[in-house]
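So the structure is just underneath, and the comments pick up after that.
The values are calculated or read from the model by the stated rules, or taken from the named source; none is laboratory data. Just so you know, these numbers come straight off a predicted model, no measurement behind them. Quick reminder, even Gly has a Cβ in these numbers, built from the backbone with ideal geometry, and neighbours come from all protein chains shown.
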Amino acid sequence: MEKNSARPADAPTRDDLTSARDGDDAPAQDDLALARDGDGAAFTRLVAPLRGELHAHCYRMLGSTHDADDALQDALLRAWRGLARFEGRSSLRSWLYTVTTRTCLDLVEARGRRAMPVDLGPASDHPVVDAVPLSDVAWLGPYPDTAIAGGPAARYEQREAVELAFVAALQHLPGNQRAALVLFEVLGFSAAEIAAMMDTSATSVNSALARARRVVAEKVPARTQQQTLRKIGDARLREIVTGYSSALERDDADALVALLTEDVTWSMPPLPHWYRGLETVTEFAVRVPLKSCGAWRHLPTGANGQPGVGCYLWNDDAGAYLAWAVNVFTLREAYICEITSFIGPEHFTALGLPASLP
């Protein structure tokens, strides 16, 4: 998201929101009546158009696709059981966001925040070949582009609101500030509406928004990835993704370096070590993925509205290339300024990538 932007993302336009509050998009009364009488199929029809944006809301709040799955399932169960309390004074969408936000706040309190390697300490000044994953850290995870409401045709504002930098910045906020910022800046709800959702005052919401904006402004670049990708263009983007894949598959350090900025960073959750600067990143790349790991293959993918590749490493025992890490690229101008390697085959499942390649 752009800093201090009030442009809604997953939400319709503000005119659409006004119409929703006036009841113009109220669900068909027969389905609502049937759902209140216990018709599960009718309830499913009511919530189906909103599932995508509600899931993205859960991901922003929780920083994990798996946690978002759990939260949405729990929230919809709560909504189903409490449907009799929906009196129709607001839109069904607003009421479902209330239930979902409160569910996420419960999980934030229980599970804490998601982290990235940069949150744990300074960059390493030399490659760590035998790094051990930290299993006691809740790591931020990638979000499939296919899950973004609207799919491939989603507006770029919807993709902005799940970009890695924005979601990572949200994790530094207490739950109430996180919820207030997302509901206001991303989804377009008013301070009064958010106060009702969170059972607090509009004054408290505005105070939470002010504090949250300061933190996010410090951590999120002024130019979003969507703006950068539009400027780069599809042809150059394909060159970057293909060039990265080819460089690793051919053990070509020079070709890889040509794609990177001088201040590039490379992190690999759940490994705690990360690297900054072209010299150190190049040394790491030569020592580890290019020389120590073995043979690679790659498939292009997209996560968090950003380009990436699924990285497959040859395994002699399996006689195939096995899912190893999903690399998500953050770009500046026409170069990679950040590589985030989400290690683990579970990320491939979420992104719809195969578990192995022949």
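A few notes on this one:
- Candidates Leu271, Leu256, Leu299 - the one that is closer than 30 Å to His55 by Cβ and free of Cβ contacts under 8 Å to residues at least 60 places away in the same chain: Leu299
- Residue selected from segment 296-322 under the condition among the small types (Gly, Ala, Ser) and crowded, with 23+ Cβ neighbours inside 10 Å, by the criterion nearest to Trp266 (Cα to Cα): Gly308
- Segment 87-103, subset in contact (Cβ under 8 Å) with a residue 12 or more places away in the chain and not in a helix (DSSP H, G or I), residue farthest from Asp67 (Cα to Cα): Gly88
- Annotation note: of Val264, Val281, Val205, Val215, the sole residue that is assigned to a helix (DSSP H, G or I), of a type in the set (Val, Ile, Thr), out of contact with any Pro (no Cβ under 9 Å at 6 or more places or on another chain) and in the same structural domain as Val309 (by TED's automatic domain parsing) is Val281.
- Tabulated pairs, segment 33-46, first under 15 Å from Arg81 (Cβ atoms), second in a loop (DSSP other than H, G, I, E, B), C-beta under 6 angstrom, 6+ apart or interchain: Leu46/Pro27
- Members of segment 172-192 found to be of a type outside the set (A, V, I, L, M) and either outside the structural domain of Arg211 (by TED's automatic domain parsing) or crowded, with 24+ Cβ neighbours inside 10 Å (or both), listed by number: Arg178, Glu185, Phe189
- The number of residues in segment 109-136 that are modelled with pLDDT of 95 or more and outside any loop (DSSP other than H, G, I, E, B) comes to 4.
Residues checked against (1) crowded, with 18+ Cβ neighbours inside 10 Å; (2) over 23 Å from Leu164 (Cα atoms):
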| position | (1), (2) |
| --- | --- |
| Val215 | no, no |
| Lys219 | no, no |
| Gln225 | yes, no |
| Gly233 | no, no |
| Thr242 | no, no |
| Ser246 | no, yes |
| Arg250 | no, yes |
| Ala255 | no, yes |
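- Within segment 158-198, the residues that satisfy the criterion of being part of a helix (DSSP H, G or I) and not aliphatic (A, V, I, L, M) are Gln158, Arg159, Glu160, Phe166, Gly175, Asn176, Gln177, Arg178, Phe184, Glu185, Glu193.
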